[in-house]
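*Asks:* First the structure, which I've put down as C-alpha cells, then a few questions once you've had a look.
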Amino acid sequence: MARQVRIEFPGAFYHVMARGNHLEPIFRSEDASFSDQELFLKTLDEACQRYEWKVWAWVLMKNHYHLVLETPKPTLVAGMSWLQNTYTRRFNVRHKQWGRLFGDRYKSVLVEEKNRVGSSSYLTTLLDYVHLNPIRAGLVNRAKGESVMDYPWSSVVRGYALSAKKRPNWLRVTEGLELVGLTETAHGRRKFVGRLDAAASAIEAERAGLTEIDGQTLHSTLRRGWYWGGEAFKESMMKKLDELASGESGLPMSGPYTGEGQKADYALRAAELIISEGLKHFKIKKGNSAAFDELERGDLRCVAIAWAVRKKTSVSLRWIAERFAMKSPSNVSQRVRNFGNTPRKKLVLELKKWCEMNEI
C-alpha cells in the first residue's frame, strides 16, 4: 500500500487516526478502577510531556482512536512511534499477549489551523468531526435524549466540560472554545456541549460532523487525502515537500513511499510548472489548456514539453494526452518515445539544456 511522506515542521496541526490490527479492539478492559482507555490516556499524557504536544480534541472508540494534534516542535513521527509502541507493550503485558496491536501505520492528515470565528473552517469542523464520532457510531442516541456527554471517552467529557484545574495542561480547551466564539467559563463550556448536541440532532447521525468545504469532506480526506485545508494551504504544504526533496536524502516520491493522493497532487503541480516554463521558453502563446490546441499538429515544441513532463513527473499518459491535446495515451507514448530520435537534434539538445538550467 502506498505511503505518504510525513511532513513535519514547528507548529503543524494533524488529524491522527489509528486502528487495531485486523480491526481488533485496542481497548478491551472496562475495569472500573483503571480501564484500557485510562491506560491509553496516561500514555498520551506522557507523550505530550515528552514531545511537547498540544491536543485540541480526542476520542477513543473500541477499535480505533482520533487525535487532533498541534506539534510546536517537529515531533510527530518520533512521538507517534513512542506513543503506539509504549501503549502496545503496556496493553500486551496487561492482557498477557504479544505481537502488534495496531494495523497499518497511523494515518496523519495535515490541517489548516487558520480559523474564522463562528464559521465552518477546517479546524472547527475537524473538532466537531472527532467529538461526534460516538454519534455516527450509534453509541449516543439523540432521539432518546442522550448527549455527547453520555460517551465518557472523548475530550468533551474529559476536557471541554471541565474547569482548567480538572483537565490536563496539554489539552487546548480555551483555544477550542474560542474557535466557535465561546469563552473559558462554565457558561461557555455548557454552550459548547449544547452546540455539539444541536449539530448531532440537526443532521442524520451517520453524517454528523461531515461538513463539506470547497468540495472536500472530512470523510473523503481521512480515507484518501493527505491535507485538510484550502488551496493556499495545499500549496504551502507542497513547498514543504520541495524542501524535503532538496535535502540530502531527497523525497521518496515513488514505489511504496508516497500516498497516492499526495503523490498525484505533487506530480500535477510539478507538471504544470514544467508546462509554464516550457511555454515561456519556446515562446508559445501564453494560456492554459488552450495553449496546445492552437499549435499545429506535430509541433515538436509541444512534444518537447510533454517529453519533459513524462521524464520528470509521475503524471499519467492519459493526463498528458488531455493536457497537450494529443489523441490518446498510446499516441503520447509513441511521440515521446520517438522524440529523442527526431532528426531535429537541435531542439532535443535545447530542451535538455533548458531542463538542466531550470532544474526541472
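*Asks:* Using a 10 Å cut-off around each Cβ, can you sort Ser328, Ser33, Ser236, Ser154 from fewest to most neighbouring Cβ atoms?
*Replies:* Sorted ascending by nearby Cβ count, the order is Ser33, Ser328, Ser236, Ser154.
*Asks:* Also, quick follow-up: Hey, can you grab everything whose amide H is under 5 Å from the amide H of Tyr65? Only 5+ residues off in sequence or another chain; H modelled, so Pro and N-termini drop out.
*Replies:* Ala18
*Asks:* Moving to a separate point now. At 7 Å along Cα-to-Cβ for each site, give me the label-to-label distance between Arg50 and Gln97 in nm.
*Replies:* Here the answer is 2.3 nm between the modelled labels.
*Asks:* If you don't mind, another one. How big is region 1-86 in terms of Cα radius of gyration and Dmax, in angstroms?
*Replies:* 13.4, 41
*Asks:* Determine the sum of side-chain charges near Lys54: Lys and Arg each +1, Asp and Glu each -1, restricted to other residues whose C-beta is under 9 angstrom from that of Lys54.
*Replies:* Local net charge: -2.
*Asks:* Can you give me the distance in nm between label points at Ala245 and Leu349, each placed 7 Å from the Cα along the Cα-to-Cβ direction?
*Replies:* So the label points at Ala245 and Leu349 sit 2.9 nm apart.
*Asks:* Could you compute the FRET efficiency for Ser163 and Ser314, with r as their C-beta to C-beta distance and R0 at 41 Å, rounded to 0.05?
*Replies:* That gives a FRET efficiency of 0.20.
*Asks:* Also: HN-Hα J couplings of region 193-200 from phi, Karplus 6.51/-1.76/1.60, θ = phi - 60°, integer Hz, Gly and Pro as x?
*Replies:* Result, rounded to whole Hz: 5, x, 4, 5, 4, 5, 5, 5.
*Asks:* Suppose every K and R has +1 on its Cβ and every D and E has -1 on its Cβ; what is the size of the dipole of region 12-231 about the Cα centre, in Debye to the nearest 20?
*Replies:* Here the size comes out at about 540 debye.
*Asks:* What does the charge add up to near Thr43, with Lys and Arg as +1, Asp and Glu as -1, over the other residues with Cβ less than 11 Å from its Cβ?
*Replies:* Cβ neighbours under 11 Å give a net charge of 0.
*Asks:* Next up: Relative to the Cα centre, what is the charge dipole magnitude of region 34-86, using +1 at the beta carbon of each Lys and Arg, -1 at the beta carbon of each Asp and Glu, and rounding to the nearest 20 debye?
*Replies:* Dipole of region 34-86, to the nearest 20 debye: 100 debye.
*Asks:* Considering only lysines 8 or more places apart in sequence, or on different chains, count the pairs in region 7-146 whose C-alpha atoms sit under 28 Å apart.
*Replies:* Counting lysine pairs in region 7-146 gives 15.
*Asks:* Which peptide among 87-95, 55-63, 137-145 comes first, and what is the full order, when sorted by highest mean count of other Cβ atoms within 10 Å?
*Replies:* Descending mean neighbour count gives 55-63, 87-95, 137-145.
*Asks:* Under 5 Å between amide H atoms, partner at least 5 residues away or on a different chain: which partners does Ala57 have, H built in plane at 1.01 Å?
*Replies:* Val68
*Asks:* Sequence-distant or interchain residues sharing an amide H contact under 5 Å with Ser29, placed H: which?
*Replies:* Asp36
*Asks:* While we're here: For a test of the definition: using alpha carbon positions, the gyration tensor, and the 1.5 limit on a/c, classify region 12-231 as rounded, prolate or oblate.
*Replies:* In terms of gyration-tensor shape, rounded.
Quick note: the coordinates plus some simple rules give every number you see, no bench work behind them. Given the structure is predicted, the values throughout are model-derived calculations rather than measurements. With ideal geometry, Cβ positions are generated from the backbone for all residues, glycine too; neighbour counts draw on all protein chains shown.
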